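The values are calculated or read from the model by the stated rules, or taken from the named source; none is laboratory data. The model shown is predicted, which means the values in this text are computed figures rather than measured ones. Glycine gets a Cβ as well: all are built from the backbone with ideal geometry, and neighbour counts include every protein chain shown. Ligands, DNA and RNA are stripped out before the accessible areas are found, and what is left, the full protein with its side chains, is counted by its heavy atoms. Shrake-Rupley method; radii C 1.70, N 1.55, O 1.52, S 1.80 Å.
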Amino acid sequence: MAGIVLENVSKDFVGPHGRTVPAIRSLNLAVASGELLAVVGPSGCGKTTLLRLIAGLETPSAGRIQMDDRDLAGVPPAARGVGFVFQSGALYPHLSAFENLALGLRLRRVARAEIETRVREVSALLGLAPVLGRRPGELSGGERQRVALGRALINRPRVLLLDEPLAALDAPLRAQLRREIARVHRELGGLWLHVTHDQAEALSLGDRVAVLCAGALQQVAPPRELYEQPANVFVAGFIGSPPMNLIPGTLTSRDGQWQFAAAEGRPGRPWTLPGTLATRWADRGGRTITLGLRPEHVVLGSAGAESAGETLNALVELVEPLGADGACLHLDAEGCRLVAQVTCVTAVRPGERITVTLRLDRAHAFDGATGQAL
Ligand code: ATP
């Protein structure tokens, strides 16, 4: 296919005392040309290693990487048509923004007039025209990262790899540059891999998002699918803020009804599951599962007679305001620790006792042993 395909790619490093460090484990991934794939995962999960393998800066220990149906084994980095943007920008401090942008073309002996044209084009695209004469030390963090992006784009790479390019910026600037990256990708096209540890950034930028944990690919899906149908308990807990409530417990059947008994909850007070879920999960009867419930599905007040839900008494332990998104309530709900995200909080104070309803019709379930979604 046109794009990048990784087949069973693994990368082991040799760590201290000769110990093997598996950075990437049997990874299968296909990224289409024109796609912006966000790669997200916690620190040390192998994100940078994945990019370095594609760039040719590391060699796979096993498996193969293809670009446009061509095996990349033995193809040196410079011949891969891949651009790289680093977290730090890695600009030359003694060169102006113009010269930093132009350097790669100069080294490749591109004609002066062509260099001039391409620098003007890329600086217009990234709003850099007013600062072209300045050195990196005289640029803001955001301008420096735009120069770093421009320096990669000016070579017109077939594939652009961005390794946490926004990590060093403050929150408003990060959000602004995130929008610019999305716009530039829309305008230029091309296959981009954008690495971040920030799930919100990944969800807002990626056409699809790949979630990595401990070197293993957990799920690749469009942002909405990842949020609504997490493949396993890791993705469920990592994607979404505030994170999904993950409640270990047991599925049991009583009087023809399926129930969930939370391990931490009040004994003898299991939650009744709506019929639709019960049929999906019924073969897990008597087994340990993890029930997942997004904070927005823990709602204030009692369930109406017609709606599916379990009503619990809860002690409000902490109220975390979330600005326009309302607030996050940390609750002790009959012995079960839960987080609720609510839009109306005027009346809720820490120490108060409230009633909440668990929208169990929106619950997820994961196998207690494997963590896979049921
Ligand atoms: P971060 O978000 O912190 O940058 P990451 O997800 O990019 O992390 P990698 O830098 O790819 O993770 O590292 C993956 C694993 O491989 C880590 O355990 C790391 O310590 C290890 N590792 C990476 N490079 C080397 C190396 N050259 N030698 C030994 N171990 C390495």
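Observations on the structure shown:
- Positions within region 96-147 being hydroxyl-bearing (Ser, Thr, Tyr), assigned to a helix (DSSP H, G or I) and within 25 Å of Ala167 (Cα to Cα), in sequence order: Ser123
Conditions (1) surrounded by fewer than 18 Cβ atoms within 10 Å (Cβ to Cβ); (2) of a type outside the set (A, V, I, L, M, F, W, C), marked per residue:
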| site | (1), (2) |
| --- | --- |
| Ala168 | yes, no |
| Ala171 | yes, no |
| Glu228 | yes, yes |
| Leu246 | yes, no |
| Ala262 | no, no |
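- A search for C-beta distances below 8 Å between a residue of region 20-46 that is closer than 17 Å to Leu191 by Cβ and more than 8 Å from the ligand (Cβ to nearest atom) and any residue that is among the basic types (Lys, Arg) and part of a loop (DSSP other than H, G, I, E, B), counting only pairs 6+ apart in sequence or on different chains, returns Ser33/Arg158.
- Of all residues in region 237-267 being in contact with a Leu (Cβ under 7 Å, 6 or more places away or on another chain) and more than 25 Å from Leu315 (Cα to Cα), the one that is modelled with the lowest pLDDT: Trp258
- For region 135-163, a residue qualifies if it is open to solvent by 30 Å² or more (accessible area, probe 1.4 Å) and farther than 15 Å from Leu125 by Cβ, and the qualifying residues are Arg135, Gly137, Glu138, Ser140, Arg144, Arg158.
- Any hit, region 165-173, residues being of a type outside the set (Gly, Ala, Ser), in a loop (DSSP other than H, G, I, E, B) and over 25 Å from the mean Cα position of the chain (by Cα): no
- Pro93 vs. criteria assigned to a loop (DSSP other than H, G, I, E, B), within 12 Å of the ligand (Cβ to nearest atom) and surrounded by fewer than 17 Cβ atoms within 10 Å (Cβ to Cβ): no
- Qualifying residue in region 84-96 (condition: within 25 Å of the chain's Cα centre (by Cα), at pLDDT 85 or above and closer than 30 Å to Ile4 by Cα): yes
- Flag for Ala73 being more than 11 Å from the ligand (Cβ to nearest atom) and free of Cβ contacts under 8 Å to residues at least 24 places away in the same chain: yes
- Any hit, region 198-221, residues being within 21 Å of Val356 (Cβ to Cβ), away from the ligand (no atom under 16 Å from the Cβ) and not in a helix (DSSP H, G or I): no
- Residue in region 342-362 that is within 22 Å of the chain's Cα centre (by Cα) and open to solvent by less than 70 Å² (accessible area, probe 1.4 Å) present: no
- On the stretch given as region 52-90, residues that are out of contact with any strand residue (DSSP E or B) (no Cβ under 9 Å at 6 or more places or on another chain) and open to solvent by less than 30 Å² (accessible area, probe 1.4 Å) total 1.
- Residue selected from region 2-19 under the condition open to solvent by 10 Å² or more (accessible area, probe 1.4 Å), small (Gly, Ala, Ser) and more than 9 Å from the ligand (Cβ to nearest atom), by the criterion modelled with the lowest pLDDT: Ala2
- Residue tally, condition open to solvent by 30 Å² or more (accessible area, probe 1.4 Å) and among the small types (Gly, Ala, Ser), over region 198-215: 3
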